[in-house]
Every structure is written in C-alpha cells, then in structure tokens.
Amino acid sequence: MMRLDKFLTEMGIGTRTEVKKYIKQGKVKVDGETVKLPETKVDAGRQEITYLEHPVQYKAFEYVMLNKPAGVVSATTDAREKTVLDLISEKKRKDLFPVGRLDKDTEGLLLITNDGELAHRLLAPKKHVDKVYYAKVKGVVTEKDIVAFAEGISIGQGETAKPAVLEILVSDVLSEIRLTIQEGKFHQVKRMFAAVGKEVVYLKRLSMGSLILDESLRPGEYRPLTKEERERLC
Ligand code: URA
C-alpha cells in the first residue's frame, strides 16, 4: 500500500505538489470513486486508479534505450549541462538513471532505467558483460595493438585494462575499429588507445551484453525496450 500522491508522482503525472492539487481538484479516481485526500492509501497493483479518466498503470520498472548524442552528459541532473535524462520527455518513473557513463562526446547505446539490480549486473566487472564500441582513431592501428589489448594494457594512474578484443575495420592514418571490453573505467577506451600512442576522435557504444543499439534511432532518439530485449537482459 502506498500514498495516492506518492504513487501518481512516481508514475510521472506531476510533481508531488502538482499531484496533490490534482487530487484535491477531483481529477483522480480510485476504483471509480473520486478521492480528494492525497494521503489515501492505495494498492496500485490491484486498484484501478485514473487521472482525468485515463488509467494510470503501475510500472515498477522502466527500461529505455537511448542513442546518446554527443554534447549531453550521462547524469540525472546537472546545474549547467544538458543531461541524458533531459532528453527523455515521456518518463513514467521519476527515479530513472543511466546505466554507466558515456563521456560527453561519446554517442550510442545507453540504457536508462530505475532497475538498480540490472544496472549492477551489467556494470560489475565480475559479471563479465561485453561492451562493444566502434571508434575512429587517429593513427594506424596495427596487429601489435591487437596483441597489446589482448594481453591487458596499463592505462596510467596505476590502472590496467583487462584483456580486450580489438578488431581492425580500417587501418590507415584514420583507423576504424571495434573494441570489446568488459569493464567501464573512466575514459577507458580513450586511455587504452592513448597507451599505444593513438587518439580516439569518435566513439560510439554499439552494445552492452545482449542489448544492441537500434540503428534506426538517430542520436537523441529513444524507445522503450521490447519485451524480448527486456527478457534477454533480465
Ligand atoms: N570509454 C571512453 O573512453 N569513453 C566512453 O564514453 C566510454 C568508454
């Protein structure tokens, strides 16, 4: 059982203050009866709750795939910068967060959810979940780099990147690569290439475990995960 105003706030109907006002204005019904007390206890899984006659469905967890554009930060709020959560205009839940951080200039797959357990399973290095990146790299990427990455490479500040799989797509003055890692150290991909004397000039995450970026999403676009994607992840 939960307070009616808390439930409606969590389902994204409005702020707590707004929701209290809507309830007092008689805009909310529980099992067909108008309820005007915000503190009324409801069982959202069993009772039918409507706002302006529209059912408000209880959603414990929400899962959104975002194709993160460059120029926004992977945070929930920021005093100055636009965040990935600012891009999600239709949120059901108020407690969403991005699973892991992509740098401000990195694009690609970002899962946004309020499922903390799933986030932990995807991010904890011990869980060995593959994260696949595509990058454009200034400098000729070579077989030597493949070997160095496969062995595990020192990336400075006393840190070592665990063995990773580097695939060369184009080897030229501007190379193109695909890199599979199982960790998410700060600036990890950029630091791995810096360790072999090269600079990442474009970075995009393609997948995380079974979740693959939907290439029909343009940067900045998002959609809920499909049932199949949710089931495979969870
Ligand atoms: N590695 C990086 O260097 N940056 C990212 O955004 C993700 C992985």
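The values are calculated or read from the model by the stated rules, or taken from the named source; none is laboratory data. Note that this is a predicted model, so its numbers are computed, not measured. Reconstructed Cβ throughout: ideal geometry from the backbone, glycine too, with neighbour counts over all protein chains shown. We work out accessible area using only protein heavy atoms, side chains counted, and drop any ligands, DNA or RNA first. Shrake-Rupley method; radii C 1.70, N 1.55, O 1.52, S 1.80 Å.
Conditions (1) touching a strand residue (DSSP E or B) at 6+ places or on another chain (Cβ under 9 Å); (2) among the β-branched types (V, I, T); (3) over 19 Å from K204 (Cβ atoms), marked per residue:
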position: K36; (1), (2), (3): yes, no, yes
position: A44; (1), (2), (3): yes, no, yes
position: S74; (1), (2), (3): yes, no, no
position: V84; (1), (2), (3): yes, yes, no
position: I88; (1), (2), (3): yes, yes, yes
position: T106; (1), (2), (3): yes, yes, no
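Evaluation of E183 against the conditions (1) open to solvent by 70 Å² or more (accessible area, probe 1.4 Å); (2) at pLDDT below 95 shows that the sole unmet condition is (1). Filtering A44, A70 for residues that are more than 16 Å from the ligand (Cβ to nearest atom), of a type in the set (G, A, S) and assigned to a loop (DSSP other than H, G, I, E, B) leaves a single hit, A44.
For segment 6-50, a residue qualifies if it is open to solvent by less than 70 Å² (accessible area, probe 1.4 Å) and among the aliphatic types (A, V, I, L, M), and the qualifying residues are L8, M11, I13, V19, I23, V28, V30, V35, V42, A44, I49. With respect to the conditions (1) modelled with pLDDT under 95; (2) under 15 Å from T106 (Cα atoms), P224 falls short on a single one, namely (2).
So that you can scan it fast, the table gives a plain yes or no per residue for (1) open to solvent by 60 Å² or more (accessible area, probe 1.4 Å); (2) at pLDDT below 95; (3) away from the ligand (no atom under 16 Å from the Cβ):
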position: A150; (1), (2), (3): no, no, yes
position: M208; (1), (2), (3): no, no, no
position: E228; (1), (2), (3): yes, yes, yes
position: E231; (1), (2), (3): yes, yes, yes
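Annotation: of all residues in segment 52-67 being modelled with pLDDT of 95 or more and assigned to a loop (DSSP other than H, G, I, E, B), the one that is farthest from the ligand (Cβ to nearest atom) is E53.
Inside segment 156-179, residues that are more than 12 Å from the ligand (Cβ to nearest atom) and open to solvent by less than 50 Å² (accessible area, probe 1.4 Å) make up a count of 4. The criterion of at least 1 residues that are under 16 Å from A135 (Cα atoms) and touching a residue at least 60 places away in the same chain (Cβ under 8 Å) is met, among strands (runs of 3 or more DSSP E) falling completely within segment 157-234, by 199-208. Take the conditions (1) open to solvent by 70 Å² or more (accessible area, probe 1.4 Å); (2) away from the ligand (no atom under 15 Å from the Cβ); (3) part of a loop (DSSP other than H, G, I, E, B); K144 misses just one of them, which is (3).
Inside segment 103-114, can you point out the residues that are open to solvent by 10 Å² or more (accessible area, probe 1.4 Å) and either away from the ligand (no atom under 14 Å from the Cβ) or closer than 18 Å to F61 by Cα (or both)?
So the first thing to find is which residues in segment 103-114 are open to solvent by 10 Å² or more (accessible area, probe 1.4 Å), and the list is 103-105, 107, 114.
Of everything in segment 103-114, just one residue is open to solvent by 10 Å² or more (accessible area, probe 1.4 Å) and either away from the ligand (no atom under 14 Å from the Cβ) or closer than 18 Å to F61 by Cα (or both), namely N114.
Every listed requirement among (1) at pLDDT 95 or above; (2) open to solvent by less than 70 Å² (accessible area, probe 1.4 Å) is met by R3 save one, (2).
If you check A135 against the conditions, is it in a loop (DSSP other than H, G, I, E, B) and among the aliphatic types (A, V, I, L, M)? Explain how you work it out, then say what you get.
Numbers: in a loop (DSSP other than H, G, I, E, B): no; among the aliphatic types (A, V, I, L, M): yes.
So A135 fails the test.
Taken over segment 73-96, the criterion of being open to solvent by less than 60 Å² (accessible area, probe 1.4 Å) and either within 16 Å of the ligand (Cβ to nearest atom) or in contact (Cβ under 8 Å) with a residue 60 or more places away in the chain (or both) is satisfied by V73, S74, A75, T83, V84, L87, I88, R93. For segment 115-132, taking the residues that are assigned to a loop (DSSP other than H, G, I, E, B) and more than 15 Å from the ligand (Cβ to nearest atom), the one that is most open to solvent (accessible area, probe 1.4 Å) is identified as H128.
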